[in-house]
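Structure record follows, encoded as structure tokens.
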Amino acid sequence: MSAENLLPYGLGRPDLVEFQDGYFVCKDVCGDLKKFSTLLHENGFELRLESAYRPFEKQLSIWNRKARGELALLDEFGKPMERPTDEEELMFAILTWSALPGASRHHLGTDIDVVDANACPEGYEVQLTPDECTGMFAKFHAFLDARFGADEAFGFNRVFEPGRGKIKPEGWHIAHLPTSRKLLEGFSLETLRGIYEKCDIACKDAILANLPQLAEDYIYPYFI
Ligand SMILES: [Zn+2]
């Protein structure tokens, strides 16, 4: 298998560019992201990335630390919850806020989590929550709504929208869709299964037993 075939899973070596300090994106989206950032700047907003490219190992580490109780597990309302002892329940609890390693759109380098730095209070630590979208970043999101609605955002749009799949809506998560579509053409659930069989992932049995349904609920709805 060529290294290129593993890019949709966050493995291999994508062609990345550091767009902001410590935040890398796929080289192919850089031009449009600069244009989008300039458009926002001209309208009084300052695009700041809070997350960008994330390799498989990083997502695996988040997943396993949540499973082991080293990272907080949050319920659907974003409140800390007790860790289920049943492996399948634990898996679904993690899935509420974390993508399966190998199936996170952040592996693509085309997806970013964004805020308006101009609206961010000094010293405030961004949480990426729905409350922020309707609160301090409301104007920013209203502007994005209009641009995305008119398809005038240089190929960018939201992915985790209400009514689409089982992942909670994430207004802050945007993607360069023409580029992500191309990358996802190479995605195969059987390849992902093979990756899980060989790696040290928490809840492995539950993931493998449920993989087709997990894909229907948490992966394929976001291949847009
Ligand atoms: Zn995101």
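Read-outs: derived from the displayed coordinates by stated rules, not from any lab. Remember, predicted model here, so these are calculated numbers, not experimental data. Note that each Cβ is placed from the backbone with ideal geometry, even for glycine, and that neighbours are counted across all protein chains shown.
Quick notes on this structure:
- Springs join every pair of Cα atoms under 10 Å in this Gaussian network model of the chain, and among Leu214, Leu177, Leu71 the largest mean-square fluctuation is at Leu71.
- Cβ-Cβ distance of Lys35 and Thr85, R₀ of 41 Å, FRET efficiency by 1/(1 + (r/R0)^6): the value works out to about 0.25.
- Across every direction, the projection of the convex hull enclosing the Cα atoms of region 57-154 has a mean area of 8.1 nm².
- Estimated translational D of region 77-224 in µm²/s (Stokes, Kirkwood radius over Cα pairs; 20 °C; 1.002 mPa s): 126
- Computed E for Asn5/Glu122 - FRET, C-beta separation, R0 45 angstrom, nearest 0.05: 0.50
- Cα long-axis angle, helix 204-214 against the chain (0 to 90 degrees, to the nearest 10): 60
- For the chain, a Gaussian network of Cα nodes joined below 10 Å ranks Ser104, Ser180, Ser37 by mean-square fluctuation, and the top entry is Ser37.
- Around Cys30: net Lys/Arg minus Asp/Glu count, Cβ-Cβ under 11 Å: -1
- Formal net charge of residues neighbouring Val159 (Cβ-Cβ distance under 14 Å; K, R +1; D, E -1): +2
- Across Lys168/Lys204; Lys35/Lys58; Lys35/Lys198; Lys66/Lys139; Lys34/Lys182, pairs whose alpha-carbon gap is larger than 31 Å: Lys35/Lys198; Lys66/Lys139
- Cα centroids of region 43-80 and region 155-177: 15 Å apart.
- When the chain is described by a simple charge dipole with +1 on each Lys and Arg Cβ and -1 on each Asp and Glu Cβ, the residue from Gly102, Gly31, Thr85 located farthest towards its positive end is Gly31.
- Cα long-axis angle, helix 189-198 against the chain (0 to 90 degrees, to the nearest 10): 60
- For the chain, calculated [θ]222 nm from helices alone, where every DSSP H run of n ≥ 4 adds -39500 (n - 2.57): -10500 deg cm²/dmol
- Estimated translational D of region 1-85 in µm²/s (Stokes, Kirkwood radius over Cα pairs; 25 °C; 0.890 mPa s): 155
- Sites Ile224 and Ser51 - FRET efficiency at Förster radius 25 Å, r taken between beta-carbons, to 0.05: 0.85
- Folded to 0 to 90 degrees: helix 56-68 orientation relative to the chain principal axis, Cα: 60
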